[in-house]
Amino acid sequence: MKVAGFDIGGANTDLAVIDFEGEEIKNIEVDFAYLPMWSNNDDLSKVLVELIENICPISEIEAVGISMTAELVDAYDTKKEGVLDVVKKCEETFDCPIAYVGIDGMLSRDEIEATPLKAAAANWIATAQIATLISDNCIFIDTGSTTTDIIPIKDGKECAIGKSDFDRSATGELVYTGTLRTNLASFLDKVELNKKEYRVASELFAQTADVYTVLDLITEDDYVCDTFDGESKSKIDCAKRIARVVCADLEMISMDDVVEMSEYIHQKQIEQIADGLKQVHDAQKLDLIVVTGLGKDILDKPAAELLGLEVKSMGDILTDEQCVVAPAVGTAVMMHKYLH
């Protein structure tokens, strides 16, 4: 049977279609779409169908699992409103069985409508399903375009101290920093360049996708979000945006200067994630780190190594493309177990 797992985020909607034969996984196919839910949430149903149709006829899908983080976008006054809106759109889109990832496992529509916040930002529960295939005792780090989940697993079960984004932001289990959409001014006060420190401008000038494009750590195809200035995603336009962060331009500083700045910024973001990881490690005493997501090699592995911790990659069991949408893969796995 084919099961679809969606992870509906604020900026990206990810899909994994898993073909099961009994309990065994025969095949996994994945896709994603950039869908800014703060402005285009009415397009959700259309995008869900299009993503499936890119992989197989929708008639072949026998069940759909949903995880979400989109309820946090400012199109909704409350998380409850966001969860219920996503549920309503999903129920209107599919005729097959549907269930939703919650902090206690898979939940039906009725259960979600009774306790909507159980589904809010619970996609890390789904990723934990995949991490346990590597180790029953580990901390997994999943850095996507926007956020970083740092989740401890003991005896094959997640044991996060925080359950909501609000709680996890205090425990180190959520670091609101990502590979693409993070405003550089959100984690930088100063930038080092030519042995001087320059204070940064607190504006929407450049984001982390610009830095990792300049450093050749992501491709233009990876840069799936909008640019802050509406210009292209070329290396030169990324460099222009980064120069503005120190109130400069490419007539005032060179491309080599921008690369030097970018290397410094990269290290600071690694340290930001390492700070959250240290807090979780100190609380849980787990020394094996399992990394996944778009930032697994760019940010998560270096953060673990900075702390002297052992690192394994979810890429050992999934392709790079599947790692990027690991919560969607985990959601499909959870949905299949839920059905049986």
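Just so it is clear, none of the values below were taken in a lab; they were calculated from the coordinates. Predicted model only: the values in this text are computed from it and were never measured. Methodologically, a virtual Cβ is constructed for each residue, glycine included, from the backbone with ideal geometry; neighbour enumeration extends over all protein chains shown.
Tally Lys/Arg at +1 and Asp/Glu at -1 over every other residue whose Cβ is under 14 Å from the Cβ of A128; what's the total?
Net charge in that neighbourhood comes out at -3.
Mind pulling the per residue volume of the convex hull built on the Cα atoms of the stretch 1-86? Å³ is fine.
85
If you average the alpha carbon positions of the stretch 1-52 and of the stretch 77-151, how far apart do those two centres end up, in angstrom?
13
Can you tell me how much longer the chain between I317 and D104 gets when fully stretched, taken as 0.36 nm per residue apart minus their C-alpha distance, in nm with one decimal?
That pair, I317 and D104, stretches by 74.1 nm at full extension.
For N12, enumerate residues with amide H under 5 Å from its amide H, sequence gap 5+ or separate chain, H modeled in the peptide plane.
When sequence neighbours closer than 5 places are left aside, the close amide H contacts are L35.
From the gyration tensor of the Cα coordinates in the chain, what semi-axes in whole Å does the equivalent ellipsoid have, largest first, with each one equal to sqrt(5λ)?
Over the Cα atoms of the chain, the ellipsoid semi-axes are 34, 23, 18 Å.
Would you mind checking the tilt of helix 79-93 against the longest principal axis of the Cα atoms of the chain, expressed as 0 to 90 degrees and rounded to 10?
60
If we count other beta carbons within 10 Å of each Cβ, what is the order of Y223, Y34, fewest first?
The fewest-first ordering by Cβ neighbours comes to Y34, Y223.
Measure nothing but the geometry: give the 0 to 90° angle between the long axis through the Cα atoms of 44-53 and the longest principal axis through the Cα atoms of the chain, rounded to 10°.
That helix lies at roughly 80 degrees to the long axis.
Please list, in order along the stretch 278-288, the HN-Hα scalar couplings obtained from phi with the Karplus expression 6.51 cos²θ - 1.76 cosθ + 1.60 (θ = phi - 60°), rounded to whole Hz, x for Gly and Pro.
Result, ordered by residue: 4, 4, 5, 4, 5, 6, 10, 6, 10, 9, 9 Hz.
What does the charge dipole of the chain about its Cα centre add up to, to the nearest 20 debye, if the Cβ of each Lys and Arg holds +1 and the Cβ of each Asp and Glu holds -1?
About 840 debye.
With n ≥ 4 as the cut-off for DSSP H runs, can you work out [θ] at 222 nm for the chain, using -39500 (n - 2.57) per run divided by the number of residues, rounded to the nearest 500?
-10500 deg cm²/dmol
How compact and how long is the stretch 214-267, expressed as Rg and Dmax of its alpha-carbon atoms in Å?
Here Rg and the maximum Cα pair distance are 10.9, 29 Å.
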